Amino acid sequence: MLLLANNCLAETEAPEPEQHRNILNHLEKGVQSVTRPVLHGEESTEGLYSDNWGPANLRLSILRGLEFSWENSNFSLKVGGRIYVDLAVYIEDKNDLGSNGVGLRTIQVDMTGKLNKNWAYRLKWGGFTSGGKVDSSGAYLDDAFIRYLGFDNVVLTLGQHTEPFSLEEQTSSLNSTFMERALPNAFAPGSTVGLSAAFGGENWFATGGFFTKQLSSYKDQGSQGYGFTGYLSTSMLSNDAGVIHLGGSLSYRFGNKDKDVFFRYRPESGLTDVRYVNTGSIAGASTISRFGFDVAGIFGPWSFQSEYIHTRVGRESGYTNVDFGGGYAFVSWFATGESRKYRENGVF
């Protein structure tokens, strides 16, 4: 509206100074770069809508979100996110899982980019839904880390990020086979604050680090104390014929004796508030040890994946240690012929 009003006034008033005209041109080009591609469905060969605002470059893509970079600089900022909408029909035997229907599973906001050629960063917010509806009362900062890329074969990460444990946990929800991760992931540590290092070679990858607590206190685990977590994977076969992946996870943490530990997890549906795994509070936890094994394969449109996770909560004298274990296995097939994509760091 401001741009239209300016065009009308220009017919009766004196010409504007060239500096003002340049500013208006930038504003008009900026509006067109955002609105025209969206309204008319245009997209460049790189999948980006681009426009320059002086030394700044603004890009909008349906696939990659809104990107901002600075001329003659390695700085970049990408703002994006995801919205998942689920349809659930529950056919219960004994447990009431809630009402059938359509609801919001996830609203997530991401900010990623580079400070310079060696330093990358990510901020990710979640928890904007509850019970299939928008509810920001449980919003939390899920990822908040910086990453150093200056070494040839090692990547360092500092801040809250996903602990390297479990193939299913480390695979993004954008790339998981099913709508939800498998039930044994109740015992994966998830995202916590820590320092980790990742390195690899031909057909193998390893990552590990020191981790402490979560920034959010609402999640489905109690106090996890502090300790070490690591993951090692190898691709025994990785060529045109297919991929065979083997991986192992290990985690050992010293618990916080003053706070209870608990584990809980929804069934493979995100709209219900019922937790099929729910240990209740476990008092006197002195250590939490975990190990897991996973195997996966890709052969054209076919793939398989299986995993087992075991968790032991060691407790102070007077309490009995408790053990938990679980596994899953599945086979998938793309009817249209595509294949799952395997990354060098051992995840899909």
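The values are calculated or read from the model by the stated rules, or taken from the named source; none is laboratory data. If you're wondering where the values come from, they're calculated on a predicted model, not measured in any experiment. Please note: Cβ atoms are built from the backbone with ideal geometry, for glycine as well, and neighbour counts cover all protein chains shown. Just so you know, the surface numbers come from the protein's heavy atoms only, side chains and all, with ligands and any DNA or RNA stripped out. Shrake-Rupley method; radii C 1.70, N 1.55, O 1.52, S 1.80 Å.
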What distance in nm separates the two pseudo spin-label positions at residue 250 and residue 175, each 7 Å out from Cα along the beta-carbon direction? 2.5
Apply 1/(1 + (r/R0)^6) to the Cβ-Cβ distance of residue 264 and residue 215, taking R0 = 22 Å, and write down the FRET efficiency to the nearest 0.05. 0.70
With the 1.4 Å probe rolled over protein heavy atoms, region 143-278 has an accessible area per residue in Å² of 47
Which FRET efficiency value, to the nearest 0.05, is calculated for residue 236 and residue 84 with the Förster distance at 35 angstrom and r the Cβ-Cβ distance? 0.55
Write out the trypsin sites (Lys or Arg not before Pro) in region 81-118 meeting two conditions: DSSP loop, and at most 16 other Cβ atoms within 10 Å of their Cβ. 94, 117
With all protein chains modelled, accessible area of residue 83 [1.4 Å, Å²]: 120
Chymotrypsin sites (Phe, Trp or Tyr not before Pro) within region 137-233: which are DSSP loop residues with at most 12 other Cβ atoms inside 10 Å? 151, 178, 218
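When each pair of different Cα atoms in region 134-184 is counted once in the 1/r mean, what is the Kirkwood radius in angstroms, to one decimal? Display every interim value, and only then the final one.
On the way: mean 1/r = 0.0727 Å⁻¹.
Radius from the Kirkwood sum: 13.8 Å.
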On full extension of the chain, what length is gained from residue 322 through residue 117, given 0.36 nm per residue of separation minus the C-alpha to C-alpha distance? 69.1 nm
Stick to the Cα atoms of region 264-348, pair each with every other, and give me the Kirkwood hydrodynamic radius in Å at one decimal. 16.1
Say R0 is 41 Å: what FRET efficiency, to the nearest 0.05, do residue 299 and residue 56 get from their beta-carbon distance? 0.30
